[in-house]
Every structure is written in C-alpha cells, then in structure tokens.
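Derivation of every value follows stated rules applied to the coordinates shown; laboratory data play no part. For clarity, every value in this text was computed on a predicted model and none was experimentally measured. Virtual Cβ from ideal backbone geometry, glycine too; neighbours counted across all protein chains shown.
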Amino acid sequence: MERTDIVGKQFPPVAPPVPPPLPGPATPIYHRLGLMINESPLRGHCCVSTSTRNLWDALFDGGYRADVAVYTDNGGVIFAHANILGMASPILKGLLKQSTGLGRRKSISIRGVPRDAVRVFIRFLYSSCYEKEEMREFVLHLLVLSQVYVVPQLKRLCEQQLEQGLLTLENVVDVFQLSLLCNAPRLSLMCHRMMLQDFKAVSSTEGWKVMKKSHPVLEKELQLSVIEEENGKKARIRKLDEQKIYLELYEAMEALVHICRDGCRTIGPHDKDLKENQTPCKYTACKGIESLVRHFNGCRLRVPGGCIHCKRMWQLLELHSRLCADSNNCRVPLCGNFREKIRKQNKKDEMKWKILVKKVLRTKRIGGGPFFLSGNSSF
C-alpha cells in the first residue's frame, strides 16, 4: 500500500455551518421553545406543554412511589413525594425532616382547610398549574396555605386572581383580614378602597358581622377611616367650591376693567362709541358685571350697607384697587380713592384682603394679568 504524505499538503477551506435564524421579536417564547399548551396557545393557568403537565398530573394522581402521607380534615389522606414537597416549600421540607412513619413513608398534617383545597395546593407544588374553577372556590384557602408554607409564586397568583375579579363585596372583609395576616399590602389597599366606596353594603354583610365580634378593634379602625374619608371628601368639595368662587372673582375683575376701559355693547366710558351689534364679548362675567354697574349707577341707597347689590359693587371696586397694577392711569372708578383707604385700614382687615388677593391670583395660576399686580406684590 502506498503511503500518502499529507504534510504540507493544501486542503480547500471548510465553510462553517450556517447558524439558525433568530426568532422574530413578535414570536412568543413558548413557540421559540417548540412548546404548545394543550395543542393551543398559552393558557392563563399553565405554562408548560400538555405532555409534561400530564406527566406531573399522573405522578401526583397515581401516587407512584409516593413516600409522604398528608393528612387533612375529616380523615382525608393525600399521597405525595417528599422530594417535590421539600423543594417547593422550605416549611414542608422542615416538617418532613422531623416526620416519622412506618417504613419509608413519612406523614404530615395540613388541617384547618378543606381536603380539596389541600389537594389543589399540593398539586400546584408539582406543576404550578391549577383549574380556574378550583381557584375560584379555594382562592382564600390557597392564599393562607401559600403564606403558611412559604410558596411565593402561589401567593402572588392568589393576589392577582382576587384583584382581577374574585374580590367582591361579599368577601372583601374576609380578604381584607387575610391580606393583613398574609402580608399582602397591595391587596389590603384594594380591599380598603372597596369598603370605603360602598361602606353601607359592606357593613351589612355576614363577614362584617363576624369581624365585629372577633376583631372589634379592626372594626373600629375601619369606621374611623370611613369618617376620615368622608371628612376628606367634604374638604375637597369645599376647596373646589372656594376655587370656583376665586375664579369667578378674577373673571369679574377682568370684566370690570374691560367695561371701564374698552366698553362692552351699550355700556362703557363716556369717550367710547358703543354699538349693540358689535362682536360677542369674550369675558364670561361681563353680563353680570354690566347689570351690577347699571344698578349701582341708578340706586338711591348707594352707601355701603344700604343695598346688598351696592355693597357687592363696593367690595368688587375695593378688590380691583388691590389688584390694579397702575391706579394712577386706571379707568375703573374710585380706584385711587380705595388706595388711600387701604393705607388707613387696620392690620386685621388688611390681612384678610391680602389673603383674598393672593388666593384670587393663585386660582388663575398666573402671576398677574396684563392690568393686575403679580401674586408676590404687596402694597
């Protein structure tokens, strides 16, 4: 056989293999991994393929080589596997270490909740799956079990299910108490808001009556929070009403300057030609100020206190004088006279007017109009 010398021989270059194409940005992760959920897109209560889920269910339902007996209320027994329970819950892991039983099988007890709720709980430890009907029926029991046995994934799931539709007026009191015990602040806040929104209906439920007997301190705190909410609501309404009044006063000041400086329709300064068919006035308070000025001009009891309408006009004129940026050239009647009166006013009245001026300007959220003082000005 002839010998083949490959030393120094040139070989054609070998092309590297072509990498597979990357998945598009819109491709779901379970499609990238080749997974299907029950031969259909992802379901809301399971995140694995059907075959894997069936395997876990068969392991749990069949109890193949189960080495743990879980005892529940009413003499129920559920068989499970120590390795799975221990890996899913540190509390169960500790209980299994302390457990003793016949042969190789250990035993633990989970009592205080229905047997079916315990079964749903243990099944979740196997596959992180649940049935929607079972979740709807046992969500409160599962929330407690997830807190007691430290299963944060199930706890978050129970909170989400309650927040997204399982929380009702009938169970909100029970859920609120459990959320406090289970350290679920977001859920407790949602329950608290729901109770405040319809306290009359909530206070007539069976859950409220039970809480009133078992936790009177909590019931008293909730009643106080309702009172605080009502007081806060009244305060907000009162503040909105005040802002509305201050806004109306500002608009009245604008309309008063407009009438006295430019004129409006059939009323204005003596040196202006006014027509009834001129363009519509842009000042909303102009019509009211116009009627008030006409009354003030013809009233025989024009002195302050003699006529309620004239008294209001005097107050508007004084408020304008405190807002006016240039009283020397102002066309509003008595603007300069009120400036002289301001200097002789006592400190108490002066402080009241300053507060009013500040609030009127602040309500409009501006530093002052084209003919008003800025909000920080003093006189």
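Couple of notes before you dig in:
- Out-of-range pairs (alpha-carbon distance over 31 Å; input 212/233; 233/347; 233/282; 239/347; 282/348): 233/347; 233/282; 282/348
- Karplus-derived 3J(HN,Hα), 6.51/-1.76/1.60, for each residue of segment 169-177, Hz, glycine and proline x: 5, 6, 10, 5, 5, 5, 5, 4, 5
- For residue 132, a cut-off of 18 angstrom between C-alpha atoms picks up these aspartates and glutamates, skipping any fewer than 8 places away in its own chain: 57, 116, 159, 163.
- Taking 23 Å as the straight-line reach from the Cα of residue 97, the lysines in range (excluding those fewer than 8 positions away in the same chain) are 106.
- Applying both filters, DSSP loop and at most 14 other Cβ atoms within 10 Å, to the GluC sites (Glu not before Pro) of segment 52-137 gives 131.
- Here residue 344 is the anchor, and the lysines within straight C-alpha reach of less than 24 Å, apart from those fewer than 8 places off in the same chain, are 311, 352, 354, 358, 359.
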